[in-house]
1. Within the stretch 104-114, count every residue that is in contact with a strand residue (DSSP E or B) (Cβ under 7 Å, 6 or more places away or on another chain) and either small (G, A, S) or loosely packed, with under 15 Cβ neighbours inside 10 Å (or both).
2. Across the stretch 1-46, what is the total count of residues that are open to solvent by 60 Å² or more (accessible area, probe 1.4 Å), of a type in the set (V, I, T) and in a loop (DSSP other than H, G, I, E, B)?
3. Which of the residues belonging to the stretch 47-57 are open to solvent by less than 30 Å² (accessible area, probe 1.4 Å) and either part of a strand (DSSP E or B) or in contact with a helix residue (DSSP H, G or I) (Cβ under 6 Å, 6 or more places away or on another chain) (or both)?
4. Tell me whether the stretch 40-53 contains one or more residues that are out of contact with any Gly (no Cβ under 8 Å at 6 or more places or on another chain), closer than 18 Å to I107 by Cα and among the aromatic types (F, W, Y).
5. Do you know which of the residues in the stretch 58-95 that are of a type in the set (A, V, I, L, M) and assigned to a loop (DSSP other than H, G, I, E, B) is most open to solvent (accessible area, probe 1.4 Å)?
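The values are calculated or read from the model by the stated rules, or taken from the named source; none is laboratory data. Just so we're clear, the structure is a prediction, and the values are computed from it rather than from any experiment. Cβ coordinates were reconstructed from backbone atoms using ideal geometry, including for glycine residues, and neighbour counts include every protein chain displayed. In case anyone asks, the SASA skips ligands and DNA or RNA and just uses the protein heavy atoms, side chains included. Shrake-Rupley method; radii C 1.70, N 1.55, O 1.52, S 1.80 Å.
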Amino acid sequence: QVQLVESGGGLVQAGDSLRLSCAASGLTFSNSGMGWFRQAPGKEREFVSGISWNGDTNYVDSVKVRFTISRDNAKNTVYLQMNSLKPADTADYFCAADSLGRNSRAINQYLYWGPGTQVIVSS
C-alpha cells in the first residue's frame, strides 16, 4: 500500500531553517504530484507548496520567498526547505500525493497522506 512518512520537524527559533523530508513508497513516485500542507492548532489544514510530476512548483504567498519544494525521484522523496521561519509557521506539516501528477492547492485532489511532522517556531 501507499505510505508517506514525513521527517525533519522540530523546535527552532524564529529566523532558523528546517528541511522536511517525505519518503514515499507503494506508488509510482515519478508520476505523482506531491504537496505539503500544514495545520496549526485550532485551524484548518492549508496548502503550503506543491510540485508536479515534471517539477513545476506552486506556493502559498506567505511562504513563497522563504520555502522551497523539491523532489528526488531516485529516492522517492520530496523535500520542503524552510528558511527564515516565523512563529506563524508553527504547525503540523503533512505530505500528500496526487496520483495525477498535479501540484494543486486543493486538499481533495490528494489521495494519500502522511501522518505529519510537528514544527514549532519560538519567538
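1. 3
2. 1
3. F47, V48, S49, G50, I51
4. Scanning the stretch 40-53 turns up no residue that is out of contact with any Gly (no Cβ under 8 Å at 6 or more places or on another chain), closer than 18 Å to I107 by Cα and among the aromatic types (F, W, Y).
5. Filtering the stretch 58-95 for residues that are of a type in the set (A, V, I, L, M) and assigned to a loop (DSSP other than H, G, I, E, B), the one most open to solvent (accessible area, probe 1.4 Å) comes out as V65.
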